[in-house]
1. With respect to the numbered conditions (1) closer than 25 Å to V19 by Cα; (2) in a helix (DSSP H, G or I); (3) open to solvent by 80 Å² or more (accessible area, probe 1.4 Å), which one is the sole condition not fulfilled by P51?
2. Among the residues of region 23-47, write down those that are over 15 Å from A66 (Cα atoms), of a type outside the set (S, T, Y) and not in a loop (DSSP other than H, G, I, E, B).
3. Could you give me the residue pairs with C-beta distances under 7 Å whose first residue belongs to region 69-90 and is open to solvent by less than 70 Å² (accessible area, probe 1.4 Å), whose second residue is in a helix (DSSP H, G or I) wherever it lies, and which are 6+ apart or on separate chains?
4. If the Cβ limit is 6 Å and pairs must be 6+ apart or interchain, which residue in region 23-43 that is charged (D, E, K, R) pairs with which residue that is surrounded by 14 or more Cβ atoms within 10 Å (Cβ to Cβ) and modelled with pLDDT of 85 or more?
5. Kindly check whether there is at least one residue in region 67-80 that is polar (S, T, N, Q) and assigned to a helix (DSSP H, G or I).
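The values are calculated or read from the model by the stated rules, or taken from the named source; none is laboratory data. Predicted model only: the values in this text are computed from it and were never measured. Note that each Cβ is placed from the backbone with ideal geometry, even for glycine, and that neighbours are counted across all protein chains shown. Surface accessibility is based on the protein's heavy atoms, side chains included, excluding ligands, DNA and RNA. Shrake-Rupley method; radii C 1.70, N 1.55, O 1.52, S 1.80 Å.
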Amino acid sequence: ALESWRPENYAFSFNPDEVGAPFSAPSLILGGKQDTIAGYRDAWMSVERFPRATFAVLDGCGHFIAPAKRDLFRSLIIDWLDRMELDSVE
């Protein structure tokens, strides 16, 4: 079972640093400050590709943000959905 947790098993099939134009729709990038599976620092490196992103690193939680910070997670999701809805109207 531990074999599947190796980093090479989570690689993209493409180089994410060579993806074309930035993603211009509202986005939400969340990270847990104590995440030992997918560190939040790596996510920050891609923030320039998402010019309309909300980026939040939440202290006091690891990889499973939703159950650890339920109310804050819910608020951030609702905000993102509202921005998506406004974007689709414009």
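1. With respect to (1) closer than 25 Å to V19 by Cα; (2) in a helix (DSSP H, G or I); (3) open to solvent by 80 Å² or more (accessible area, probe 1.4 Å), P51 is out only on (2).
2. R41, D42, A43, W44, V47
3. F73/I65; F73/A66
4. K33/V57; D35/G62
5. Taking region 67-80 first, the residues polar (S, T, N, Q) are 75.
From what's left, assigned to a helix (DSSP H, G or I): 75.
Within region 67-80 (the criterion being polar (S, T, N, Q) and assigned to a helix (DSSP H, G or I)), the answer is yes, since at least one residue qualifies.
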